[in-house]
Amino acid sequence: MQSARTPPPQASATTAIDVDAVSMRFTLRHTRSLKEMAVYALRGKDLSNSFDALDAVSLQVQQGETVGLLGFNGSGKSTLLKLISGVMRPTSGSVRVRGRIAGLIEVGAGFHPDLTGRENVYLNGAILGMEEATIRERFDDIVAFSEIERFIDTEVKHYSSGMFLRLAFAVAVHTDPEVFLIDEILAVGDEPFQRKCLEKVEALRAEGRTLVVVSHDLGLVERLCTRGVVLQHGRVIADTDAPAAVAALRATG
Amino acid sequence: MTAPPAAAAGDLVVPGRGAGLLDVARRRFLLSLLVRKELRVRYRASVLGLAWSYVKPGVQYLVYYLALGIFLQLGREIPDFAVYLFSGMIVVNLFSEALGNATRAVVNNADLVKKIYLPRELFPVASVWVAIVHFAPQLLVLLVGAAIAGWRPQLLPLLGAVAGFVIVVTLATGLGLLFSALNAVFRDLENLVDLLLMVAVWLSPVLYSWRQVAAVPFVAENSWLLTLYQLNPVTVAVELFHWAFWFPAAQNQPEGSRVGPEVLPPDLLWHAGAGLVLAAVALAVGQAAFRRVEGRFAQEL
Ligand SMILES: Nc1ncnc2c1ncn2[C@@H]1O[C@H](COP(=O)(O)OP(=O)(O)OP(=O)(O)O)[C@@H](O)[C@H]1O
Ligand SMILES: [Mg+2]
């Protein structure tokens, strides 16, 4: 299902994310050791082949939009979020963003199992760009949101995986970013906590923050998002409202 | 808010392009947490904790002292050999730990590097700070030992030691940036650096005196070799520490075994200047190389 695509509009004053003709080519190396590379080079063998995870993707997200990014496994969704958050740089094309980004590419990245919950809140908060005073100010809110007060001074390695995710999500939603990238994490925790996460995300949306949500939960995308973008083999095959995007994805599968 | 510089919802900016080491200076709080994390993790579940950072150099020192000072009798040629050995050794230890850890810093933090953007220079810089934390108690031990041997502080030599410290830290940061970036792409590098560090220990006048190098006939015939040897920034720092901590003690010996200024290399201050310049160059090169390779970290790790 190919949506008739006009050339993307120029970035305007309210554009939050501007992805322009972005391609991402990964070089799949067979070896990483200098010795083997030298051997390969001497034999004239090709060391690597390349793979386009994203192919000329253009996408503009306006401030306040909630965009659902859909696609099957390996279609390039996480790669696109990593490019937007600055973790990776595109092979060609340009990515530009307005305002502070929080990329929740994976909950709990930056948490260290040997530190206590409290220490991890500070460390992760600082990693996500918060100042010491800000973290101190929001600390109680973060802990209250995660509902793990009793274990906050326990080392994180003794947490259950749900507790761990709760705390990590709580820190992330309290970083106060203008642009929020969420990859597959709304399905964390038990039911009550999931509901709480969704409420929080909706509150963020109501505040006019920009959200890009990756999820395989199509119902959730339909409910939450104002727009849906479907990726297939690294290309945008649909960019429309959320229900139509979900339909487009179903049609390709 | 000093956090990410482009924070204000102003212009559209390219994400993931920081200001390098300047960003590290802006995010000191995060840096301090990373340093603390590394120390905590290293000494987790250990009873002695940070005390281990005394034990290791302590044992190393004893072994060198016994083997070289007593068995090989180097102590006869170098008065106050114990102080001489230790003042050089803490410099080389600082350098090896800082550079060794910094080289692995990006790879060890792969999890973060791949998932969240933050100025990646933070990781090697945090490693250098950890080495400085370990250096502090060793310096304290040196001060006490030197004082017992008759050392009294003098302003100019102490400034020299400060310069030596700055040289080592700057050089280790610069090379650490370079090697940690390259190590993300070629894992062989960390082993290469280990090798290099082993050579560095023996190539600096820690276990012997520069005069023994100068006395080698081949070096005596080719005086540029000696200059080259002495321009090694680590050697410069070692000699500056000798000047600050060992020389005053060795001068305080009874008549007869007292040493004169000829035990210190001539032109030490010039070498210090050159060392500072070389270390600054290493820092600039390291930062530039790091920024060039940084864009590939997330996909290479
Ligand atoms: N660092 C890398 N090096 C090489 N190939 C990579 C790298 N990162 C991703 N890829 C490849 O890029 C493609 C897209 O990956 P990506 O993680 O973006 O998919 P996705 O849409 O998020 O999939 P999923 O739904 O499973 O999360 C995959 O084929 C993957 O193998
Ligand atoms: Mg993914």
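The values are calculated or read from the model by the stated rules, or taken from the named source; none is laboratory data. Predicted model only: the values in this text are computed from it and were never measured. Backbone-built Cβ (ideal geometry, glycine too); neighbour counts: all protein chains shown. To get the accessible areas, we keep the full protein, side chains included, count just its heavy atoms, and leave off ligands, DNA and RNA. Shrake-Rupley method; radii C 1.70, N 1.55, O 1.52, S 1.80 Å.
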| note | In whole angstrom, the spacing between the Cα centers of segment B:40-103 and segment A:128-144 equals 41
| How far is helix B:155-185 tilted off the main Cα axis of chain B, in degrees rounded to 10, range 0 to 90? | 40
| message | Cα atoms only: what Rg and Dmax, in Å, come out for segment B:170-236? | response | 14.9, 43
| task | Would you please name the chymotrypsin sites (Phe, Trp or Tyr not before Pro) within segment A:78-169 that are DSSP coil residues with at most 12 other C-beta atoms within 10 Å of their C-beta? | result | none
| task | In Å and from the alpha-carbon atoms only, list the Rg and Dmax of segment B:73-159. | result | 18.0, 58
| said: Looking at the calculated P(r) for segment B:150-301, what percent of the C-alpha pair distances fall above 22 Å? | reply: 50
| request: For A:Glu191, tell me the accessible area in Å² from a 1.4 Å probe, rounded to the nearest 10. | output: 120
| Debye intensity ratio in log₁₀ form over the Cα atoms of the protein assembly as shown, taken at each q of 0.10 Å⁻¹ | -0.89
| Which angle from 0 to 90°, rounded to the nearest 10, does the C-alpha axis of helix B:81-108 make with the longest principal axis of chain B? | 20
| request: Counting only C-alpha contacts under 8 Å and six or more residues apart, can you give the relative contact order of chain A as a whole percent? | output: 27
| Say R0 is 22 Å: what FRET efficiency, to the nearest 0.05, do B:Asp188 and A:Ala56 get from their beta-carbon distance? | 0.05
| task | Jot down the radius of gyration and Dmax of chain B, Cα atoms only, both in angstrom. | result | 21.0, 74
| remark: Largest-first ranking of B:Trp52, B:Trp246 by accessible area, probe 1.4 Å, whole protein assembly kept, is B:Trp52, B:Trp246
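Suppose the chain between B:Leu143 and B:Val59 were pulled fully straight at 0.36 nm per residue; how much longer would it get relative to their current alpha carbon spacing?
Computed gain between B:Leu143 and B:Val59 is 28.4 nm.
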| remark: Taking a crude spin-label model, label points 7 Å out from Cα along the C-beta direction, the A:Glu137 to B:Leu66 distance in nm is 5.9
| Anyone know which of B:Arg44, B:Arg120, B:Arg152 comes out most mobile in the 10 Å Cα GNM of chain B? | B:Arg44
| What is the spread of the Cα atoms of chain A along each of their three principal axes, largest first, in whole Å? | 59, 51, 35
| How are the Cα pair distances of segment B:86-234 distributed, in percent, across 10 Å bins from 0? | 11, 33, 31, 19, 6, 1
| note | For segment B:26-121, the accessible surface attributable to carbon and sulfur atoms (probe 1.4 angstrom, ligands and nucleic acids excluded) amounts in percent to 62
